[in-house]
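Contents: one structure, followed by commentary.
The values are calculated or read from the model by the stated rules, or taken from the named source; none is laboratory data. Small disclaimer: the values here were computed from a predicted structure and weren't measured. So basically every Cβ, Gly included, is an ideal-geometry build from the backbone, and we count neighbours across all protein chains shown.
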Amino acid sequence: MHAHMILYVDDQRASAVFYEGVLERAPTLDVPGMTEFTLRDGCVLGLMPADGIVRLLGSALPAPTRGAAAAKAELYLVVDDARAFHERALRHGAYELDPLHPRDWGHDVAYSLDRDGHVLAFAQERAAGP
């Protein structure tokens, strides 16, 4: 099974530049209407202009809200260095919600908000204590 997570964005180009900087990788697909980043093992992050989903589904789905007025989704990425990813997100314009610290489920996690209102969680496995 392959998983594609698609985030609806206001400005595909600006969001693509943001995620390229944060993920430190070029898109594997970048065409009008969709930018994709292959993350790992069949997992793909897609960026679709919000207007695109409206064109696809019409009135079957309410139009996505614009801007970061309210959290729309959470992208939870388990990475080797959560602090580095979080700091890159902030340098590229994300808003910090909560800095990196231990969580009760066993991860160290930092939270930020991207330009479109998606929560970004960068997590890492907690190192075993002494």
#### Entry: Any chance Leu90 is at pLDDT 90 or above and assigned to a strand (DSSP E or B)
no
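Determine whether Asp80 is in contact (Cβ under 8 Å) with a residue 40 or more places away in the chain and either part of a helix (DSSP H, G or I) or not hydrophobic (A, V, I, L, M, F, W, C) (or both). Give the derivation first.
On the way: in contact (Cβ under 8 Å) with a residue 40 or more places away in the chain: yes; either part of a helix (DSSP H, G or I) or not hydrophobic (A, V, I, L, M, F, W, C) (or both): yes.
Yes: the conditions hold for Asp80.
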### Query
Can you tell which of Pro64, Pro130, Pro27 is part of a loop (DSSP other than H, G, I, E, B) and modelled with pLDDT of 95 or more?
Pro27
#### Entry: Yes/no for Val54 being touching a Phe, Trp or Tyr at 6+ places or on another chain (Cβ under 8 Å), β-branched (Val, Ile, Thr) and either surrounded by 11 or more Cβ atoms within 10 Å (Cβ to Cβ) or modelled with pLDDT under 85 (or both)
no
### Task
From Leu97, Leu7, Leu23, grab the single residue that is touching a strand residue (DSSP E or B) at 6+ places or on another chain (Cβ under 9 Å), over 26 Å from Ala127 (Cβ atoms) and of a type outside the set (D, E, K, R).
Leu7
### Message
Give all pairs with beta carbons closer than 6 Å in which a residue from the range 22-39 that is within 16 Å of Asp11 (Cα to Cα) meets a residue that is outside any helix (DSSP H, G or I) and polar (S, T, N, Q); count only pairs at least 6 apart in sequence or on separate chains.
### Response
Pro27/Thr35; Glu36/Thr28
### Task
Specify the residue that is nearest to the chain's Cα centre (by Cα); the eligible residues are those in the range 67-83 that are over 21 Å from Cys43 (Cα atoms) and surrounded by 13 or more Cβ atoms within 10 Å (Cβ to Cβ).
Ala68
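Counting only residues that are among the β-branched types (Val, Ile, Thr) and either surrounded by 19 or more Cβ atoms within 10 Å (Cβ to Cβ) or modelled with pLDDT under 95 (or both), which one in the range 8-23 is farthest from Ala94 (Cα to Cα)?
Residues of the range 8-23 that are among the β-branched types (Val, Ile, Thr), as a first pass: 9, 17, 22.
Restricting the remaining residues to those that are either surrounded by 19 or more Cβ atoms within 10 Å (Cβ to Cβ) or modelled with pLDDT under 95 (or both) gives 9, 22.
Details: Val9: 14, Val22: 10 Å.
Filtering first and then ranking leaves Val9.
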#### Entry: Subset of the range 99-124 that is touching a Ser or Thr at 6+ places or on another chain (Cβ under 9 Å) and charged (D, E, K, R) - its residue that is surrounded by the fewest Cβ atoms within 10 Å (Cβ to Cβ)
Arg115
### Query
Taking the range 24-47 as the search range and keeping residues that are within 11 Å of the chain's Cα centre (by Cα) and crowded, with 18+ Cβ neighbours inside 10 Å, which one is nearest to Glu74 (Cα to Cα)?
Leu45
### Task
Can you give me the number of residues within the range 29-51 that are among the small types (Gly, Ala, Ser) and farther than 13 Å from Leu7 by Cβ?
2
